[in-house]
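J.: Starting off with a structure, shown below.
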Amino acid sequence: MSMTADIPEYRRPYARTLLDRLREPRRYIQVISGPRQVGKTTLVRQALVDSGLPYVFVSADEPTLRDSAWLSAQWERARIDARRDGRAVLAVDEVHKITGWSETVKRLWDEDASEGLPLHVVLLGSAPVVIGHGLSESLAGRFEVIRIPHWSYGEMADSFGFDLDAYIYFGAYPGAAALISDESRWRAYVLDSLIETAISRDVLLLQRIEKPALLRRLFELGCAYSGQVLSYTKMLGQLQDAGNTVTLAHYLHLLAGAGLLCGLSKHSGDIARKRGSSPKLQVFNTALISAVEGRSFASVRSDGEAWGRRVESVVGAHLVNLAYLGLLEVLWWRDGNDEVDFVVRDGDRRLVAIEVKSGMARPRRSGLDAFLKRFPGSRALIVGGVDGIPLAEFLQAGVVEWLG
């Protein structure tokens, strides 16, 4: 059975991209990057089978020590296949956990290039910040990145039968989908197997963190305030910490690299003002809010204000995952009392202001008119409500359909 029959429709383009690159005679290191539990390993394994090439698939996420010598040994295994069969693939999962991995990969890759050895290399990692640092430091000009985002509404609906309300509350972790009928068990799985694993193994274990407790509290604060603008000074006050705003901004960057929480910048024509603006906190997956907050689905669904915030966050999560793919940039905008929920800018510098009609009891004043006057040539988009694009339709539409 081909991989296109084994994986959801929305995941297939990523697998096809890898498969096409493995079939090309010219070689680059293929880096598969993305958060935990988005299907990176499954995609790669299926692409390897479909390629018809001999391959070696190994993981550095094992209890025993994985070091540069171990990586070199696996590379030699794959070289034997490449010399015997004319072409082969080496795939290394969780490569960022190998000390000095990028320098070792560079040395071995350059040796193969000198020999003309047709060995394709695929590297997988769940810590994009660490992966990116190793690539830029050692492997410049030798790699291509295939980014895998969190699952979309369409994927969760097609694969697990999620309706819109389930997607808004339970989010987009496929590994947790089978547990939603038992909310306590689902919450424990997300907290322990997903959140704790990502923070402890993809952030704290791989970065020098002076205040790990502060980073954890920042993540919890971000879940509580997802969709809201909060200055770093106010964050420090909420966290009751005597740290500095630079540390907080750095921790937020690391959490974004793990695919958990990011801070959106304010849209401004002035780059310096944009960088110095207060961030709008935004989770990458609404499951994080539900798991950390601990309220039941029924309780949140019956609370108009709480549900409205979830609706805004699910739109934001959709947008930041598209931004992770490099399709657009996501910002926010406010001028006095005028505000729009999100500002999207594509590679052609086109601007789209997005207002989410979330159904909250106390909707704030729309800033769409003010934004259009302030930035001539921009466009406005309303999502939800009786006069906007239906939320389900927006979450399933392609970027070009509403950006172009």
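J.: Considering only the range 180-193, I want to know if a residue exists there that is over 19 Å from the mean Cα position of the chain (by Cα), in a loop (DSSP other than H, G, I, E, B), at pLDDT 90 or above and among the hydroxyl-bearing types (Ser, Thr, Tyr).
T.: Checking the range 180-193: at least one residue is over 19 Å from the mean Cα position of the chain (by Cα), in a loop (DSSP other than H, G, I, E, B), at pLDDT 90 or above and among the hydroxyl-bearing types (Ser, Thr, Tyr).
J.: Turning to a different aspect of this structure: If the requirement is being under 26 Å from residue 326 (Cβ atoms), out of contact with any helix residue (DSSP H, G or I) (no Cβ under 8 Å at 6 or more places or on another chain) and not polar (S, T, N, Q), which of these qualifies: 157, 140, 172, 188? Spell out how you get there, then give the answer.
T.: Working: 157 fails: out of contact with any helix residue (DSSP H, G or I) (no Cβ under 8 Å at 6 or more places or on another chain); 172 fails: out of contact with any helix residue (DSSP H, G or I) (no Cβ under 8 Å at 6 or more places or on another chain); 188 fails: under 26 Å from residue 326 (Cβ atoms).
Answer to the check: 140.
J.: Does residue 326 meet the test of being out of contact with any Ser or Thr (no Cβ under 6 Å at 6 or more places or on another chain), under 17 Å from residue 227 (Cα atoms) and in contact (Cβ under 8 Å) with a residue 40 or more places away in the chain? Reasoning before the result, please.
T.: Numbers: out of contact with any Ser or Thr (no Cβ under 6 Å at 6 or more places or on another chain): yes; under 17 Å from residue 227 (Cα atoms): no; in contact (Cβ under 8 Å) with a residue 40 or more places away in the chain: yes.
So residue 326 does not fit the description; no.
J.: Kindly establish whether residue 100 is of a type outside the set (D, E, K, R), at pLDDT below 95, surrounded by fewer than 16 Cβ atoms within 10 Å (Cβ to Cβ) and outside the structural domain of residue 261 (by TED's automatic domain parsing). Can you show your working first?
T.: Numbers: of a type outside the set (D, E, K, R): yes; at pLDDT below 95: yes; surrounded by fewer than 16 Cβ atoms within 10 Å (Cβ to Cβ): yes; outside the structural domain of residue 261 (by TED's automatic domain parsing): yes.
So residue 100 passes the test.
J.: Out of 255, 236, 288, I need the residue that is without any contact (Cβ under 8 Å) to a residue 60 or more places away in the chain and under 14 Å from the mean Cα position of the chain (by Cα). Which one?
T.: Testing whether each residue is without any contact (Cβ under 8 Å) to a residue 60 or more places away in the chain and under 14 Å from the mean Cα position of the chain (by Cα) leaves just 255.
J.: Within the range 108-134, which residues are at pLDDT below 90 and either surrounded by fewer than 21 Cβ atoms within 10 Å (Cβ to Cβ) or part of a loop (DSSP other than H, G, I, E, B) (or both)?
T.: Filtering the range 108-134 for residues at pLDDT below 90 gives 125-134.
Once the filter is applied, which keeps residues that are at pLDDT below 90 and either surrounded by fewer than 21 Cβ atoms within 10 Å (Cβ to Cβ) or part of a loop (DSSP other than H, G, I, E, B) (or both), the range 108-134 yields 126, 127, 129, 132, 133.
J.: Another question, then. Do any strands (runs of 3 or more DSSP E) entirely within the range 292-404 hold 1 or more residues that are surrounded by fewer than 17 Cβ atoms within 10 Å (Cβ to Cβ), and if so, which? First the steps, then the outcome.
T.: Working: elements: 329-335, 338-345, 351-356, 379-383.
The qualifying strands (runs of 3 or more DSSP E) are 329-335, 379-383.
J.: Same structure, new question: Condition first: hydroxyl-bearing (Ser, Thr, Tyr) and in a loop (DSSP other than H, G, I, E, B). Now tell me which residues in the range 194-234 satisfy that. I'd like the intermediate steps shown before the answer.
T.: Applying the first criterion (hydroxyl-bearing (Ser, Thr, Tyr)) to the range 194-234 yields 197, 200, 225-226, 231-233.
225, 226, 231, listed by residue number.
The values are calculated or read from the model by the stated rules, or taken from the named source; none is laboratory data. All figures in this text were calculated on a predicted structure; none of them were measured in a lab. Note: ideal-geometry Cβ built from the backbone for every residue, glycine included; neighbour counts use all protein chains shown.
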